[in-house]
Structure formats: structure tokens, C-alpha cells
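Engineer: There's a structure below that I have some questions on.
Each reported figure results from applying straightforward, stated rules to the coordinates on display, with no laboratory input. Note that the coordinates shown come from a computational prediction; the quantities given were computed from them, not determined experimentally. Ideal geometry is used to build each Cβ from the backbone, glycine not excepted, and the neighbour counts take in all protein chains shown.
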């Protein structure tokens, strides 16, 4: 274990591994540690948006080589009134995909290691200390090692140990959303389904396809005061028996294992992004799309912005550069998505959104882009980003697809 580095990254999920890769490419001495050993499962819907796919491609990871990778070519929205709208995705690369997190996260960690990043999995951090002059951070591991770093990137998730060390008595992040996931086999339909059930709004249920007739099936709801695990478990069992869900799954569908639940943090605030030379990224910064609950693209993007802030300019001003970078890259989109969430809170609003998606061939082609990419939703409010082709950018792996 090195005793001093430029950047210590705590957490080796997509955000942490991406931070390690980016730091290495910028010539920084970086160490990534994670208490888990990879490959490891991470409870998730396993869906990847266009933005996530493009960012992962930029990291040098070709997800198409993974056995569990499933590119999505068509999405079906089901409104609370039962109306179905089919949305085809463009064939210029991959605009949406599904891959189990046990494969995805391990693939990005492997890419970081191949690039020369030192990744120590199975190493838990037991203490964080900001040096008296504020110019360095020292982390102590459960094994008794100490690592001094000029900067620490906290990519340790919604229960961030780093945050709880530096902001006691900060309680664990309980999440803005609560979600359930269960894997099924025997699902014949390869399309991606989003079902706006009236009692889940503004949340939704999903059936995300995987290879060989498997699917990730789940639902997400906003957490409300007094919501209990017993209540959510009962709702999950009842949801799986609804005709709207059973029709999608088909008569041969069977669960592979028990369901798992997890909180989704989406209470993003700018003043929670930094603690001196500690920069929070991904779920540790609550940077999750408040409309869909998706967070992988946001996790990777905040990691890249954090490394850029560290590598550029006066070290004492890195926190401000990081906050401003997140504001430019994601802030406006996240706040606009939160506003759109209010539209989907009502049955009428959700039904209108589904009907609007199916109005014309143009809306059917582009509505899926507005689902799978955050920024197109907010373009009307951010004319500084208007450019030719802003509604028709290619998906990930488009160049390699053309070459093949």
C-alpha cells in the first residue's frame, strides 16, 4: 500500500473506477480502494442510458463483449390507463442497453487496472483525517495502513463512510426513492418496458431485457414519511401478479432468486459536493436523475469533472472548480428533471405524457431520447447548448459498428 498519492479514491464502482482511469490519464498518482472484492453484485435496475454508454465507451470499455450485455432496440411505455406506445431507437450505435452490475462494475475496474491504476479491493477505510493545514487528507484502512493524499474522491455510495466521518453526526442517506429488483428467466419479449402504474407515480415499474430470455424486473417509488419495508414487500408481491406486468413477462416467466431492495439518493445540493479537498461523486453526492432514478452516467460524469478540477489550476481552488463544473455539466438538467417529475405525479399527467410520446412518428423516434438522455429535456431552458444535430446524435459504439 503506498503511503502517499496525489489522489485517493474511496469506492471502485463506476464513479470510483472512472476517477482512477481519468486521474491516471492526467498523469496523477492515484490509488483506488474498495471494501468489496470484485466482481461483486450491486442492486440496480441494470439499465444504461445513452449518456452512460457514451461515457463508458470513452473510458475504453466495450460492454458488447460482456455475456450479459443486451442492446435495446425498442422501448414500450405503458400508461396508467393501459395505453401502450412503442418507441423505436435509432440504429446508429447503442442508445440504451441492459447489463448486470456484477459484470459492468468488474469490467470498468478491469479497464482501470489494465491502464495501470492501482486498485485495492477488499480494503475497507476505517478513518479519515483532514490534515491541520487543509492541504492533504489521510485515510486509515481497517488493516492499519495509512495513506496521505493531496485529494480524496469519495465514490463510496449513498451510505458514504467518508461523509459520515467528516460531517458527524450525518445519518446514513435513506434515499429519495426506494426500489426493488428481481431477476426472471423465461421472458420472451426483448423490448424494454416502462409501466406507469397509477399507485407508483411518479415512480414506475420496469421489465429490462437480458440475453437468453432473462430480465431485470422491478419498481421504484418516492419514499414518503412512515413508509415501511413490510408495506413495500407487500406491494412488490401484488405488483408481480397484476395483469399489466404478467402480460409483459409472459406465461413461462419464473423468478431466479429472491428480490432485493435499495435506496436511491436524489436530493442533490451544491454545498454537499465538497469538504475541503474531499470531493464527493456519484451516489455519495446524491447526483441521480430525479425523474428516472438513473445514476450511472451522472456518477461517471461527476468523477471526470472532479479529476479535471484536481488536475487544473490552483489546488486550493479545486473545490470551487468542481462545484462549477458540476453546475455546468449536470445542474440545470437535474433541476429541470425534478420539475418534470411533478408532471408524472398525477395519473392524468402520466397518461398525457404517454399519449404525447405516441402522437407522430417524430415523437415516437425522439421521445425515447428524452428518456435516455438528460440534457435534451432542458435544452429549451439552456439555449447556450443549442447546436446543429442536437436532437440526433449517434449512440455509443457507432464508429466501431460502422467499421465492422
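Engineer: Along each of its three principal axes, how wide is the spread of alpha-carbon positions in the range 233-356, in whole angstrom units, largest first?
Structural biologist: Result for the range 233-356: principal-axis Cα extents of 61, 36, 21 Å.
Engineer: Next question, about the same structure. Please report how far the C-alpha centroid of the range 212-281 lies from that of the range 155-205, rounded to the nearest whole angstrom.
Structural biologist: Using only Cα atoms, the two centres lie 5 Å from each other.
Engineer: In µm²/s, what is D for the range 1-57 at 25 °C and 0.890 mPa s, where D = kT/(6 pi eta Rh) by Stokes-Einstein and Rh is the Kirkwood radius from Cα pairs? It would help to have the intermediate numbers written out before the result.
Structural biologist: On the way: Rh = 12.8 Å.
D = 191 µm²/s.
Engineer: I've got another one for you. How tilted is helix 14-25 with respect to the longest principal axis of the chain? Cα atoms for both, answer in degrees (0 to 90, nearest 10).
Structural biologist: The angle comes out near 50 degrees.
Engineer: May I pose another question? What's the exposure ranking of 189, 129, going from fewest to most Cβ atoms within 10 Å? Mind showing how you got there, number by number?
Structural biologist: Working: 189 17, 129 14.
With the sparsest Cβ surroundings first, the list reads 129, 189.
Engineer: Same structure, new question: Calculate I(q)/I(0) for the chain by the Debye formula, one identical point scatterer on each C-alpha and no solvent, and give its log10 at q = 0.07, 0.08 Å⁻¹ to two decimals.
Structural biologist: So the normalised log intensities are -0.32, -0.42.
Engineer: Does anyone have the angle between helix 229-240 and the longest principal axis of the chain? Alpha-carbon axes, 0 to 90°, nearest 10?
Structural biologist: The helix 229-240 is inclined about 40 degrees to the chain.
Engineer: Something else: In square nanometres and to one decimal, what's the mean projected area of the convex hull around the Cα atoms of the range 305-363?
Structural biologist: Working: hull surface 23.3 nm².
Average of the hull's projected areas for the range 305-363 equals 5.8 nm².
Engineer: Moving on to the next point. How large are Rg and Dmax for the range 160-308 when calculated on the C-alpha trace, in angstrom?
Structural biologist: 17.6, 55
Engineer: Then there's this: When the chain is modelled as a GNM with alpha-carbon springs shorter than 10 Å, which of 284, 142, 311 fluctuates the most?
Structural biologist: The residue that fluctuates most here is 142.
Engineer: Of 94, 145, 314, which is the most mobile in a GNM of the chain whose springs link Cα atoms less than 10 angstrom apart?
Structural biologist: Comparing 94, 145, 314 in a Gaussian network model of the chain, the most mobile one is 314.
Engineer: Please report, in Å, the Rg and the Dmax of the range 1-99, where both are computed over Cα atoms only.
Structural biologist: Rg, Dmax (Cα atoms, Å): 17.9, 60.
Engineer: Quick one: of the DSSP bridges fully inside the chain, what percent are antiparallel, nearest 5? Could you put the intermediate results ahead of the total?
Structural biologist: Details: 47 of 68 bridges.
Of all bridge pairs located within the chain, approximately 70 percent are antiparallel.
Engineer: Between residue 254 and residue 399, what's the calculated FRET efficiency when r is the beta-carbon distance and R0 is 41 Å? Round to 0.05.
Structural biologist: 0.55
Engineer: Also: Could you work out the relative contact order of the chain? I mean the mean sequence separation of Cα pairs under 8 Å and 6+ apart, divided by the number of residues, in percent. Please list the in-between numbers first.
Structural biologist: Working: 844 pairs, mean separation 90.2, N = 404.
Taking the mean separation of contacting Cα pairs over the length of the chain, I get 22 percent.
Engineer: Okay, moving on. I'd like the orientation of helix 332-343 relative to the chain: the angle between its Cα long axis and the longest Cα principal axis, in ° from 0 to 90, rounded to 10.
Structural biologist: Approximately 30 degrees, to the nearest ten.
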